[in-house]
Structure formats: C-alpha cells, structure tokens
Amino acid sequence: MSLSSLATRQAIRTPNVAALVGSPPAVQKDVFEPLTRYLPTETITLFLAAIAAGVQTPSIDVDGIELHTSLVLYAGFALLTPTLYLSLAYVKQREAERQAGASKAPFRPHPWPPIAATIAFLIWALSLKGVMSDSGLAKWGGLLAVAAIVVSSLLSLVDRVLNLKPAA
C-alpha cells in the first residue's frame, strides 16, 4: 500500500471529518492487504532507482571518511519515509476537511503508521540487491525475504492491538 493510501486513512479518521463524511465506502478486500498495508511503495520505488543509479559509485569520500553509497541512500530513504507520510497525511487531512466543509482540526496523526512504514522500508530495502554486499546478500538473502514477509504481517496485526480501524 502506498504512503498516500495510509495518509488517506489518517484523514478519514480525523474526528471532525469522520462526523461529516460518515463511514467510508466499502472496498473489496484484498488477501494481500495485511502484507502490503505498511509497505511504502513511493520510497521503495525511489530507493530502488537510486540504488541502481549508485552502483557505479560504491563509496564517496567526505572529509577523509569513506561512506558507502548504498548505506547513505538506505539511511536517507529511511528518514524520508516518515517525513513523506506525515506530509501526505497533513495535506490529505486538510483536503478532506475542505471537501467535507469541516473546520480545521489540529494535525495529530497516530504515531504508528509512520513508524510501521519505516520498519517495513528498513526490512524490505535490505532484501534488494545493491544494499548489502553480494556475499552478505547470498548469506542472508533468504532469511531477509522471510523476515520481510513475517515483519509485514506482524505490523498489520499491531493495528488490532492499537484498535486502528481500516478505512474500509
């Protein structure tokens, strides 16, 4: 699921919008939705392109300190994920308020979606070729693939514990 979809769920949960809009329309259930709910497709897509572009420059030198390009990109996109989510959630909330004719409510997103999206990015991005060395990927690749699926499923289960209701 994209960060934009998560932000829409946040906007619909805003009390002043929810009271005016009512319940959202029913959407057909997707069997893979729990697995992909917090997968930040925007940042993973951009990260994949950046890793592919950075293959020719495996490391950069900053004031005598050698930094591996893939790790710099990994950390940068890990920080970009919650920032992008919060930006989208703010814009979607204001847009939903404007369309519903509601007054502006304080922007107070639940902290779980950006945290979960960041965790999902961290685990899924590690399973891409180019982030780890080829020997590291050969050694840990299978475990990372299984871990990505398990972690993604567990992240969706936390919704039930936190009583976060899906938009549909």
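The values are calculated or read from the model by the stated rules, or taken from the named source; none is laboratory data. Quick caveat: nothing in here was measured; it's all calculated off a predicted structure. Glycine also receives a Cβ, built like all others from the backbone with ideal geometry; neighbour counts cover every protein chain displayed. Note: areas computed on protein heavy atoms with side chains; ligands, DNA, RNA excluded. Shrake-Rupley method; radii C 1.70, N 1.55, O 1.52, S 1.80 Å.
Annotation note: of Leu67, Leu48, the sole residue that is in a strand (DSSP E or B) and either at pLDDT 85 or above or in contact with a strand residue (DSSP E or B) (Cβ under 8 Å, 6 or more places away or on another chain) (or both) is Leu67.
Only residues that are of a type in the set (A, V, I, L, M) and surrounded by fewer than 19 Cβ atoms within 10 Å (Cβ to Cβ) were counted across the range 105-118, and they come to 2. Is it fair to say Pro109 is within 18 Å of the chain's Cα centre (by Cα) and not in a helix (DSSP H, G or I)? Considered against the rule, which asks whether it is within 18 Å of the chain's Cα centre (by Cα) and not in a helix (DSSP H, G or I), Pro109 comes out as yes. Considered as a group, the residues in the range 82-120 that are among the charged types (D, E, K, R) and in contact with a Ser or Thr (Cβ under 8 Å, 6 or more places away or on another chain) include one that is farthest from Tyr38 (Cα to Cα), and that residue is Glu97. The residue list Val131, Val150, Val161 contains one member that is farther than 25 Å from Gln93 by Cα and open to solvent by 60 Å² or more (accessible area, probe 1.4 Å), which is Val150.
Of all residues in the range 69-98, those satisfying the criterion of being closer than 18 Å to Ser127 by Cα and surrounded by 15 or more Cβ atoms within 10 Å (Cβ to Cβ) are Thr69, Ser70, Val72, Leu73, Tyr74, Phe77, Ala78, Thr81. Do we find that Leu67 is free of Cβ contacts under 8 Å to residues at least 40 places away in the same chain, closer than 30 Å to Arg108 by Cβ and aliphatic (A, V, I, L, M) in this structure? Against the criterion (free of Cβ contacts under 8 Å to residues at least 40 places away in the same chain, closer than 30 Å to Arg108 by Cβ and aliphatic (A, V, I, L, M)), Leu67 does not qualify.
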